[in-house]
Amino acid sequence: MPENRVVQGRMVTAESLAELVEGESVMEAEAIEQADRECPECGGDVLEVGYMPSVTEFVTAWKCQECDWKETDRD
Ligand SMILES: [Zn+2]
């Protein structure tokens, strides 16, 4: 399986996907996984990525591959 996925027509890596959700650079990101859920807004496929925005925090984020919808476990 390739590491890169397509989100809204653009190739993303785990790190760039995490940065897309976070809105700024992150320290570290785990591999992207296909989430076992659908986007609540458009029904599209959702990706899951875990990342560390800072040394003391770990966030799990979900991002739709088709639209702007995103969510984190901080929400
Ligand atoms: Zn969507």
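The Cα atoms of segment 17-62 give a gyration tensor whose axes a ≥ b ≥ c have a/c of 1.5 or more with a/b greater than b/c, which makes the shape prolate. Charged side chains reduced to their Cβ positions (Lys and Arg at +1, Asp and Glu at -1) give the chain a dipole of some 180 debye around its Cα centre. When the chain is treated as a Gaussian network with alpha carbon springs shorter than 10 Å, the biggest mean-square fluctuation among V55, V46, V26 belongs to V55. The modelled label-to-label distance between E66 and E41, using points 7 Å beyond Cα along the C-beta direction, is 1.3 nm. Using just its DSSP H runs of length 4 or more, each adding -39500 (n - 2.57), the chain gives a mean residue ellipticity at 222 nm of -3500 deg cm²/dmol after division by all residues.
When segment 5-72 is described by a simple charge dipole with +1 on each Lys and Arg Cβ and -1 on each Asp and Glu Cβ, the residue from T56, Q8, A18 located farthest towards its positive end is Q8.
Between amide H atoms placed 1.01 Å from N, distances below 5 Å from A35 occur with V46, L47, E48, all of them 5 or more places distant or on a separate chain.
Using 0.36 nm per residue, how much length does the chain from T13 to M27 gain when fully extended, once their Cα-Cα distance is taken away?
Numbers: separation 14, 0.36 × 14 = 5.04 nm, distance 1.38 nm.
Taking 0.36 nm per residue and subtracting the Cα distance, the gain is 3.7 nm.
Values quoted throughout were computed directly from the atomic coordinates according to the rules given, and no laboratory measurement underlies them. No experiment lies behind these values; they were computed from the predicted model shown. Positions of Cβ are generated from backbone atoms using ideal geometry, with glycine treated the same way; all protein chains shown enter the neighbour counts.
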